[in-house]
Amino acid sequence: MSEILVATGVDLSYGNQPAVLDAHLSVSVGEVVAITGQSGSGKSSLLYCLAGVLPVKRGHVRFEGRALGDLDDDEISALRRERFGFVFQYGELLPELTVEENTALPLRLAGQRKGPALAAAGKVLERLGLGELRERRPGQVSGGQSQRVAVARSLVHRPAIVFADEPTGSLDSANASAVLKEFLGLARSQGTAVILVTHDPAVAAQADTRYTMADGVLSPRGTA
Ligand SMILES: Nc1ncnc2c1ncn2[C@@H]1O[C@H](COP(=O)(O)OP(=O)(O)OP(=O)(O)O)[C@@H](O)[C@H]1O
Ligand SMILES: [Mg+2]
């Protein structure tokens, strides 16, 4: 399989405090990669580097062969808007938009008209069993439902890769495994790769490839 995202020797610090040390990772088209590790080990920091949200101090992240550090602001914004999807660890849906509008957001940001964008969002919501909640606002759905909506939103524009930071973090294990199954099922069916950050070994077990992170050091699973 061909590689779409490759990180080579990535370092990140906050001031003098190192958070990611010499990380190497590669993701192929449609591959699901899990990163586990304790709180504070640097998982979110690494994810932000891989997505070009935080600039790396040393090393490179290449997406489809191009180093993120060589792209200008417009190019990196376009990539994040069109080719990447995100499920954030905190702060999910916009409270003033309906579930359907929240889900359609990546398409609207990419310039799609409202009608087709909402129609596409409706289909993904339907697929994730959320069709009936379309018109509701985030304050009117449960925690599990809102995580499903965040998952729908991350996939709606058929990105090449989704960066998912604890996408089932606030759910009990039964709900976490149901949401994860839907998430990975939909990603796999549309050929979207996923980098899945989780502290839950049962979640990581669903991935094709696993890494662990400890004190900023990323290791392939089994050698940590
Ligand atoms: N903006 C920041 N400024 C300074 N230090 C930070 C910042 N963000 C994270 N850190 C520190 O960097 C280290 C790694 O944090 P990070 O959020 O990447 O961990 P994590 O593995 O995602 O943890 P969790 O599982 O709790 O989400 C921690 O020591 C954290 O305190
Ligand atoms: Mg984190």
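Just so it is clear, none of the values below were taken in a lab; they were calculated from the coordinates. Computed from a predicted model, the values in this text were never measured in an experiment. Glycine also receives a Cβ, built like all others from the backbone with ideal geometry; neighbour counts cover every protein chain displayed.
Structure values in brief
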{"item": "Gain upon complete extension [K181, E132; 0.36 nm per residue less C-alpha separation]", "result": "15.6 nm"}
{"item": "Per-residue HN-Hα couplings for region 121-129 [Karplus 6.51, -1.76, 1.60; θ = phi - 60°; Hz; x = Gly/Pro]", "result": "4, x, 5, 5, 4, 4, 4, 8, x"}
{"item": "Calculated P(r) of region 93-224 - Cα pairs past 23 Å, %", "result": "34 percent"}
{"item": "Charge dipole magnitude, Cβ of K and R +1, D and E -1 - the chain, Cα centre, debye nearest 20", "result": "420 debye"}
{"item": "Vicinal HN-Hα couplings computed from phi for region 144-149 (Karplus, 6.51 cos²θ - 1.76 cosθ + 1.60; Hz; Gly/Pro x)", "result": "x, 5, 6, 5, 5, 5"}
{"item": "Dipole of region 147-201 [Lys/Arg +1, Asp/Glu -1 at C-beta], most positive-end residue of I195, A176, P159", "result": "P159"}
{"item": "Charge tally in the Cβ shell below 9 Å around S44, where Lys, Arg are +1 and Asp, Glu are -1, S44 excluded", "result": "-1"}
{"item": "For region 63-189, with +1 on Lys and Arg beta carbons and -1 on Asp and Glu, the positive-most of A120, G139, L105 along the dipole", "result": "A120"}
{"item": "Centroid-to-centroid separation of region 12-54 and region 100-134 [C-alpha atoms, Å]", "result": "30 Å"}
{"item": "HN-Hα J in Hz across region 67-79 - Karplus 6.51, -1.76, 1.60, θ = phi - 60°, x for Gly and Pro", "result": "5, 4, x, 8, 8, 7, 4, 5, 5, 6, 5, 4, 4"}
{"item": "Label-to-label distance, nm, for residues given as H199 and R113 (7 Å Cα→Cβ offset)", "result": "4.7 nm"}
{"item": "Angstrom value of the Kirkwood radius, inverse mean 1/r, which spans all Cα pairs in region 1-111", "result": "15.5 Å"}
{"item": "Over the chain: helical MRE at 222 nm, DSSP H runs n ≥ 4 each giving -39500 (n - 2.57), nearest 500", "result": "-10500 deg cm²/dmol"}
{"item": "Sequence-distant lysines (8 or more away, or on other chains) whose Cα lies within less than 20 Å of K181", "result": "K123"}
{"item": "Most to least packed among 154-165, 71-82 [average Cβ atoms within 10 Å]", "result": "154-165, 71-82"}
{"item": "Pairs of alpha carbons in the chain whose separation is greater than 33 Å (percent)", "result": "13 percent"}
{"item": "A19 long-range amide H proximity, modeled H, under 5 Å", "result": "L12, S13, Y14"}
{"item": "Bridge type composition, the chain - antiparallel percent by DSSP, nearest 5", "result": "50 percent"}
